[in-house]
Structures are given as structure tokens and as C-alpha cells.
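Okay, structure first, notes after.
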Amino acid sequence: MSEYQWPLPKSWKWVLTSEIAEIVGGGTPAANDPTNFDETGIAWITPADLTNYAETYIGRGRRDLSKKGLNSSGARLMPAGTVLYSSRAPIGYCVIATSPISTNQGFKSLVLKDGISPEYIRYYLLSAKEYAESIASGTTFKELSGSRMATMPIPLAPNVEQRRIVAKLDNLLGSSSRARTELERLPALIERYKQAILAKAFSGDLTADWRTEHEVSKNSWQILPISNFAKVGTGATPKRGEKRYYEGGKFAWVTSGAITSGYISEPSEMITEAALRETNCSLYPSGSLLLALYGEGQTRGRVAILGIEAATNQACAAIRINDEAAIARNYLFWFLQYQYGEIRMAAAGGVQPNLNLSIVKAISVPVPTIQEQKEIISRLGVELASIKRTYNEATRATALLDRLEQATLSKAFQGELLPPEQEI
């Protein structure tokens, strides 16, 4: 982006940020001194206060400073109307203060000169996020310095035009914001619908008509623990630093982290024959199911199909259906997916509860005839494919909204959104 990147209408001009605003940094007092903070003190915000914050204006953050904290922090109390712009972790959050406020050092705030619309400047800064990131510096994380913020060029419209542009953008982006809100609700609704379909599948409701047509009774269903029809094992992590366990390895080895994908087609690492021979690792055939035993995030209780022959670490339970068992692998996979929440709750232990092989072996599975299992799998395939299409369409719609909003902002600051003679 060059300093002056596009031609402007005759009444507009390019200015540097330092020409239209005083740029103010922030500060943080010593966190180990509680007297630096006050429940109803001086408003103070950090970039964390703006995470998932969708409003234009803000009055205060999660914590207030005391007068002592303000004076010792290097922060400064700024007037209402100040444009607060996060300059690191991340760059690009932007809101307007509704009352006197201070910030931590993660901001470069703009105290604007009289007559300049803070809403206009905020919209421009939101549109120029990529440029701001491009002029930031740093290795561990990018930060926009005060000196670079000062030289950031802004296409400045006359004051009356600024207000008209803001009103138009409020209208247009308000509509897209409402659409985005509805789209953001979809993933949760889709997940609830998916769970409802799975519940019908494993209660027998999904194939009630099939049983009637084939004169099969619901009494044909059995409730069986996994240990009745499958072998359950686990693995180990060959000692790190032992080269003979890893160098030149020819056998796939996977960890519980791979399970979140739902299907495992590549190893986490390769191990040697010595690792198999000298540790508790065993090779499990392609088609086995792996269930995560550990993980306080969302990992514990997840299940995946092993698409390769592989050994596992000790955080996985490998489920191999017996050859003679009348259980379809995909039927068991989807049942375990459906039971994810219940399986997680079965974890035992203290600070960090885990599953174990005994718990996995005891999981009760509703088992219809193999013919009905195949019908359930077929119908689930149709329903889940439809759910996936809906999710993908929502994702594409969200991406389209992003592009539309950026295009709208670009037109606004090129003077093309509202012809000068047009009235709102």
C-alpha cells in the first residue's frame, strides 16, 4: 500500500493520522498491588475486553483503575469520543469511548481534533486493518508503534460528508451485521439437529418404518457392552531420546491429538521394530476405532476411524471388532460420536479425570440386526450429508458477507459510496 493509494474526490484530502489526532498510548500498574485497582474507579480497558465485542462504543472494561493505579501506570485519562485502536495482540480492534477512559499499553488511541467524526475514523481503521498489520513490527508478535500509527495515511472527507458516509455505512453494515448474527446461530442449531438425528438412529425411531416393512420387531435390539463384541487395547509412548525407537522407523504411531479429525490417514510419527518389541506398543489394523482417553479440552471421548495400520500412545483406546461379531464398524463409530458427552462424563480421577480401558469396555451399545444397522448407516449418510451441505453454505455465506463488507468500506473511502449531490 503506497502512502497515497487511490485518487480522491476534489473536496477530500489525504492526511496523516498525526495531523488530525493526538496519539495516546496506555499503561498497566503493578498487578500484585490491589490498591492499583478499584471496583468503581477509572475506566480502563485492554484488548481482551474487546474479544468478541461487536459494539461501536464502550464505556469501561472488566477492571477499573484507582487514581493511584492510573498515576503509576503511565496510562492517561482520555475524553469521550476518543477512538481506541488495539495495536497488538491483536492489531485492529476499534471502538469509541462513551466517557473518559484509559487503556493499557495494547492501544494507540486517537484523541481527534474538533469536527472530525470518530465514527468515520473508526470505519476507516477497520477497513485498513491489513495495512496497519503490514506496517507493524516485531518477531514474537506484531505491534503497531506510535510513530508508525502517526504516519498512517487517512482519506479525509469534509466534515459534513463524513457524517453522511457514517450514516450510510451504519445502514448498510447494520443489515449485514444482522445477517451475520443469524449465520452465527446456525452452527449450534446444526449441531442440535445432528444430535437429534443421531438420537433417532440409536433409539430405533429412524428405522421404525423399515422394521414394519421387513416385519422386524424392536425386541430384536440388544444392549451389549463393547467388551462383548470387541477387543480393547491401548499403547505407549516409546521413551523420548532413545534413537533406536524412532530413527529409521517403519511403523506408524499415532497420538490422541489425531483423533479430533474423525479419520486418521497419516501417522503422528514413525517408530521402529525395537519400539514395538521393547515397549507396550502394539500395531492395530486399519479399520480399528480409536477413542481418546485423556484431554481436558474437547479431545477426551472423541472417536476416529484408523485408516492405516498403526500403534498408538497410551492416551488412546483401540477398539477392534471381533471378526464373528454382527456389528458394523460405521454403526459403532456413529454411536460413539453420539455418546461423546456421556463418555466424557464417565471419566474418573481427581484434578484431571481420564477414561480408562475398563470404562470403554463397559460402554453399552444398542445393537439391532446387522441388516438394520446397515439401513441406519445409509439413512444417517443421507441426513449427515445434508447437514454438512447446510454448514458449508453457511460458511460460504459468512465469507461472502466479509467480502461484501470490505467492498462497501472500500467504496466509502474512495468517495464512491455516496455521490456528493445525493441526499440520504
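The values are calculated or read from the model by the stated rules, or taken from the named source; none is laboratory data. These figures come from a predicted structure and were not determined experimentally. Cβ atoms come from the backbone with ideal geometry, glycine included; neighbour counts cover every protein chain shown. These accessible areas exclude ligands, DNA and RNA; they are computed on the full protein's heavy atoms, side chains included. Shrake-Rupley method; radii C 1.70, N 1.55, O 1.52, S 1.80 Å.
Odds and ends about this structure:
- Averaging 1/r over each pair of different alpha-carbon atoms in the range 352-408 and inverting the result gives 15.7 Å, the Kirkwood hydrodynamic radius.
- Straight-line reach from Lys194: taking Cα to Cα under 20 Å and skipping same-chain neighbours fewer than 8 places apart, the lysines in range are Lys374, Lys388.
- When the helices of the chain are scored as -39500 (n - 2.57) per DSSP H run of n ≥ 4 and the total is divided over every residue, the value at 222 nm lands at -11500 deg cm²/dmol.
- Each eigenvalue of the Cα gyration tensor of the range 299-357, multiplied by 5 and square-rooted, gives one semi-axis; in descending order these are 22, 15, 10 Å.
- Cα centroid of the range 360-424 to Cα centroid of the range 38-74, whole Å: 36 Å
- Arg148/Glu39 FRET efficiency (R0 41 Å; Cβ-Cβ; nearest 0.05): 0.65
- Computed accessible area, Ser378, all protein chains, 1.4 angstrom probe, square angstrom: 70 Å²
- Kirkwood hydrodynamic radius of the range 206-331, Cα pairs, Å: 16.1 Å
- The longest stretch of the chain left intact once loop-based chymotrypsin sites (Phe, Trp or Tyr not before Pro) with at most 15 other Cβ atoms within 10 Å are removed from consideration, loops following DSSP, is 142-424.
- For the chain, the solvent-accessible area works out to 51 Å² per residue, with a probe of 1.4 Å and every protein chain left in place.
- Working from Cα pairs under 8 Å separated by at least six residues, relative contact order for the range 54-157 is 25 percent.
- Distance cut-off 28 Å, percentage of C-alpha pairs in the chain lying past it: 65 percent
- Note on Tyr57 and Arg178: the extension gain reaches 41.8 nm, defined as 0.36 nm multiplied by sequence separation minus the Cα-Cα distance.
- Note on the range 58-168: Cα Rg divided by 2.2 N^0.38 Å, N the number of residues, gives 1.11.
- Here the contact order of the chain, divided by its residue count and restricted to Cα pairs under 8 Å and six or more residues apart, works out to 15 percent.
- Relative to its Kirkwood radius, the Cα radius of gyration of the range 313-424 gives an Rg/Rh of 1.32.
- In the chain, the portion of solvent-accessible area held by carbon and sulfur atoms comes to 51 percent [1.4 Å probe, whole percent, DNA, RNA and ligands not counted].
- Gyration tensor verdict on the range 124-182 (Cα atoms; rounded if a/c is under 1.5, prolate if a/b is larger than b/c, oblate otherwise): oblate
- In this structure, Glu296 and Arg240 have a Cβ-Cβ separation that, at R0 = 22 Å, corresponds to a calculated FRET efficiency of about 0.50.
- Considering only beta bridges that DSSP places wholly inside the range 221-311, some 70 percent are antiparallel.
- Cα-based helix-to-principal-axis angle, 370-412 vs the chain, degrees rounded to 10: 10 degrees
- Shape of the range 58-118, Cα gyration tensor, a/c cut at 1.5: oblate
- For the pair Lys361 and Gln314, label points projected 7 Å from Cα toward Cβ lie 1.8 nm apart.
- Comparing Pro34, Pro47, Pro118 in a Gaussian network model of the chain, where Cα atoms under 10 Å apart are tied by springs, the biggest mean-square fluctuation is seen for Pro34.
- Length released on extending from Met270 to Leu401, taking residue separation times 0.36 nm less the Cα-Cα span: 42.8 nm
- Listed residues Leu183, Leu290 arranged by accessible area, highest first, probe 1.4 Å: Leu183, Leu290
- Using a probe of 1.4 Å on the protein chains alone, the accessible area found for Arg277 is around 150 Å².
- For the residue pairs Lys142/Lys411; Lys13/Lys142; Lys239/Lys361; Lys13/Lys168, the alpha carbons lie more than 23 Å apart in Lys142/Lys411; Lys13/Lys142; Lys239/Lys361.
- Working from Cα pairs under 8 Å separated by at least six residues, relative contact order for the range 256-339 is 33 percent.
- Extent along principal axes [Cα atoms of the range 193-264; Å; largest to smallest]: 61, 30, 17
- The His214 and Asn280 beta-carbon pair, evaluated with R₀ = 35 Å, returns a calculated FRET efficiency of approximately 0.15.
- Under DSSP loop assignment and at most 12 Cβ neighbours within 10 Å, longest GluC sites (Glu not before Pro)-free interval of the chain: 56-214
- For the range 161-244, trypsin sites (Lys or Arg not before Pro) are listed when DSSP marks them as loop and at most 16 other Cβ atoms sit within 10 Å of their Cβ; the list is Lys239, Arg240.
- Amide H contacts under 5 Å for Val95, placed H, 5+ residues apart: Leu84
- With DNA, RNA and ligands ignored, accessible area of Cys94 (1.4 Å probe; Å², nearest 10): 10 Å²
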